[in-house]
1. Is it the case that Ser219 is in contact with a strand residue (DSSP E or B) (Cβ under 8 Å, 6 or more places away or on another chain) and either surrounded by fewer than 24 Cβ atoms within 10 Å (Cβ to Cβ) or at pLDDT 95 or above (or both)?
2. I need every pair where a residue in region 338-352 that is more than 14 Å from Val44 (Cβ to Cβ) and touching a residue at least 12 places away in the same chain (Cβ under 8 Å) has its Cβ under 8 Å from the Cβ of a residue that is of a type in the set (Phe, Trp, Tyr) and in a helix (DSSP H, G or I), sequence separation at least 6 or different chains.
3. Just a yes or no: is a residue in region 271-283 under 19 Å from the mean Cα position of the chain (by Cα) and assigned to a loop (DSSP other than H, G, I, E, B)?
4. Is it fair to say Lys200 is more than 16 Å from the ligand (Cβ to nearest atom) and either surrounded by 17 or more Cβ atoms within 10 Å (Cβ to Cβ) or farther than 28 Å from Ile368 by Cα (or both)?
5. If I filter region 152-174 down to residues being under 21 Å from the mean Cα position of the chain (by Cα) and away from the ligand (no atom under 16 Å from the Cβ), which single residue comes out as surrounded by the fewest Cβ atoms within 10 Å (Cβ to Cβ)?
6. Search region 107-132 for residues being farther than 11 Å from Ile251 by Cβ and of a type in the set (A, V, I, L, M, F, W, C), and hand back the single one that is nearest to the ligand (Cβ to nearest atom).
7. If I ask for residues that are surrounded by 10 or more Cβ atoms within 10 Å (Cβ to Cβ) and either in a loop (DSSP other than H, G, I, E, B) or in contact with a strand residue (DSSP E or B) (Cβ under 9 Å, 6 or more places away or on another chain) (or both), which ones from region 12-26 would you list?
8. Against the definition (modelled with pLDDT under 95, part of a helix (DSSP H, G or I) and either in contact with a Gly (Cβ under 9 Å, 6 or more places away or on another chain) or under 30 Å from Gln108 (Cβ atoms) (or both)), how does Met288 come out, yes or no?
Amino acid sequence: MSNHELKFLKDKIEKLKQDGVYRELPINYGPCDNVINLNGKEVVNLSSNNYLGLANHPRVKQAAIDAVKKYGAGAGAVRTIVGNQDIIGELEDILAKFKHEEAVMCFQSGLNCNIGTISAITEKGDLIISDELNHASIIDGVRLSRADKAIFKHSDMENLEQILIEKRDKYNQVLIITDGVFSMDGDLAKLPEIVNLAEKYNALTYVDDAHGSGVLGESGRGTVDHFKLHGRVDFIMGTLSKAIGVVGGYIASKKETKIWLSHRARPLLFSTALPPAATAAAIESVKMLMESEEYSKKLWDNANYFKEKLAKLGFDTGHSETPITPVMIGNEAKTMEFSKALLNAGVYVSGIVFPTVPMGKGRLRCMISASHTIKDLDFALDKFETVGKELGLI
Ligand SMILES: *Cc1c(COP(=O)(O)O)cnc(C)c1O
């Protein structure tokens, strides 16, 4: 057999199939919204991060169209060459205002932002201390950094302090990194305690607020605002891909962070800038958040409604503090069976199993959005009830 057959990949794919974890990517034949056409079937969408329904909002779409007319389809180069179009600066200024921070640096995605920033702000002789449930893009950023790393048990402040006591004096800078909202359970980081410990032991703090921005705090300013910690978290990361409804990531911090990243963050130096459509659409979304709390209020009303009704039906919705609504099932096969049966009934909600969550902690993760109508939610609840009873879950 010729080497071009890529037999080594065929073998690995065969193994995926044997292990029962092989999957095909579902196809959405239209915009991301409350109801979608998934693989040719109309379903209520409980699986997107489009928290505020802005991904398909007429104002946001129009901003993208106008920007394409004025600025074209692509930025044309990395930002350090000619890709730094003025609207990117406009987006950074409005985000800085929104987050109440001195300066913002934007990246092409949240993943790029974490990878590029963490590896740029740390070096050999530093220590990164990271929550064990932090997002994969943080893990990758830490891997690319030349700093040493230590992992603390999820939200375990005693464990975090123990690490600080043991290791603080052996390093130059120590950076504590945590998600603001943990995406699989919907719980919040113990940010006030983390910040206190950081200040006590002279460490820096970095919060990934991908699921907090647009959701928590005044007008969706995020977890730092929710906990009233302005000025006490050194690096606040957010995405433009979730509540903002477009794509991109950013760091809100001091001016010096922005300057340093423009010299050292590799996604800025070696990857083409955000396209004009995305940049302008994100500006419009942020403006809408700053103008009115209508969208975040609707999101929370919907989420509270859905959670309450699910609990009344007898489902265990875990300990979420946000619109992320897990329905705890446990067994992996049962979780996937439930997800599949719901899809057949017209409700798309992804099953989350090992290795994304620990073995035996399988769950369906319902992502509620401001775009859902009560009719959508009632339809979904009705299917949860019938399918849940059929499978003996309630
Ligand atoms: C989604 C997510 C990211 C990545 O953001 P993208 O903009 O989609 O690349 C980073 N961190 C966390 C915690 C996330 O949930």
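The values are calculated or read from the model by the stated rules, or taken from the named source; none is laboratory data. Everything quoted here is computed from the prediction, not taken from an experiment. Virtual Cβ from ideal backbone geometry, glycine too; neighbours counted across all protein chains shown.
1. So Ser219 fails the test.
2. Here the result reads Gly351/Phe338, each pair linking region 338-352 to a residue that is of a type in the set (Phe, Trp, Tyr) and in a helix (DSSP H, G or I).
3. yes
4. yes
5. Lys153
6. Leu111
7. Within region 12-26, Gly20, Val21, Tyr22, Pro26 qualify.
8. no
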